[in-house]
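Encoded as C-alpha cells, the structure appears first; notes follow it.
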Amino acid sequence: MLRRLAAQRILELRQAYRQPQASRSFSTALNYHLDSPDNNPDLPWEFSGKNKEKVKEILSHYPSNYKQSAVIPLLDLAQQQHGGWLSVSAMNHVAKIVEVPPIRVYEVATFYSMFNRTKVGKYHLLVCGTTPCMIRGSREIESALLSHLGVKRNEVTKDGLFSVGEMECMGSCVNAPMITVANYSCGSEGYTYNYYEDITPKRVVEIVEALRRGEKPSHGTQNANRINSGPEGGNTTLLGEPKPPPCRDLDAC
C-alpha cells in the first residue's frame, strides 16, 4: 500500500511540472518565474496606506540592522493585499523594504508553500493531505470539492471565487479529516484563515455554497456530537479533579 501511495505521489508531481504556469498555485510546484502581462517586474506595486502602517509596526519588532527578519510577515501581508498571491513586483517591493537583494526574498517565497505565486480564488480551499487525514477520507473530500466546483487541483473557478489546493498537516489530527479556508475576498483588512474539522464530502459542499452566498459558516469541528477536540458523546475519563501524586505533598510547596 505504501509503495502504491508513493508511486501515486510521484505521478502527481510529474503532472504538476507538466501543467502550464497558470494552473500552478503552490510555490513548491514551480521554482522559477516566467514573465506574463499580469506578473512581471515592470508592473508597479506598493503597500496600501493602511498596510504601510502595518509594515512599520512589523519592522518595529526587529532590530534595525536585522530588517530581513521581517520577510515572512511582510510577504504574508503583501499576499493578503494582492488577493492571495505574490507577484514578482510585490516580492521586489518587500526586498526593497528589508534592504536585501530580491533573490533573498524569492528564496523564502519559493520555500514555503503558504506563499502562492500564481492567482488563487477569493476563497482558497486547502485540504489536509497528511496520513491521518488520508486515512479518514481527505481524498474523498478533495474529490467532492473538485467535482462540485468543476476544477482541477490548483485551478481557479471561472468566477474567480474558489481554488482548491493541498496542505500538509494542519495540526489537528484528532479531528481528521479537515480543510482550511483562506478568505481573500475582503483584502488584508478582512482576511481570515479558518479551519473546518471532522468534515464530510456533503458538509464541505455545504460550506462552499455558504461562502458563495457571502455567509460565514461556523468553523472548528463540524461534528455536532463533539466539543472542540473532545470525544464524540462527551468525556469518559478525567471527569473530576485529578488525584495528587502520592509521593509529593503539594501543600508544602
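The values are calculated or read from the model by the stated rules, or taken from the named source; none is laboratory data. As the structure is a prediction and not an experimental result, all values here were calculated from the model. With ideal geometry, Cβ positions are generated from the backbone for all residues, glycine too; neighbour counts draw on all protein chains shown. Remember, those area values only see protein heavy atoms, side chains included, never the ligands or the DNA or RNA. Shrake-Rupley method; radii C 1.70, N 1.55, O 1.52, S 1.80 Å.
General observations
- Between the residues Asn51, Tyr106, Tyr66, the greatest Cα displacement towards the positive end of the dipole of the range 32-127, with unit charges on the Cβ of Lys, Arg, Asp and Glu, is found for Asn51.
- Set against the labelled values (1) 35, 27, 19; (2) 23, 22, 18; (3) 29, 21, 19, semi-axes √(5λ) of the Cα gyration tensor in Å computed from this structure falls on (1).
- A Cβ-based charge dipole, computed about the Cα centre of the chain with Lys and Arg at +1 and Asp and Glu at -1, lands at about 600 debye.
- Residue of Ile227, Ile141, Ile72 that the Gaussian network model of the chain assigns the largest fluctuation, springs spanning Cα pairs under 10 Å: Ile227
- Residues Lys243, Lys52 ordered from highest to lowest accessible area at a 1.4 Å probe: Lys243, Lys52.
- Cα centroid separation, the range 225-241 to the range 138-216: 28 Å.
- Residue pairs, from the table Lys122/Lys158; Lys52/Lys122; Lys56/Lys122; Lys158/Lys216; Lys56/Lys96, whose Cα atoms sit over 18 Å apart: Lys52/Lys122; Lys56/Lys122; Lys158/Lys216
- Counted by Cβ distance under 10 Å from Arg226, the other residues give a net charge of -3, where Lys and Arg count +1 and Asp and Glu count -1.
- Max mean-square fluctuation residue, GNM over the chain, Cα-Cα springs under 10 Å, options Leu75, Leu211, Leu126: Leu211
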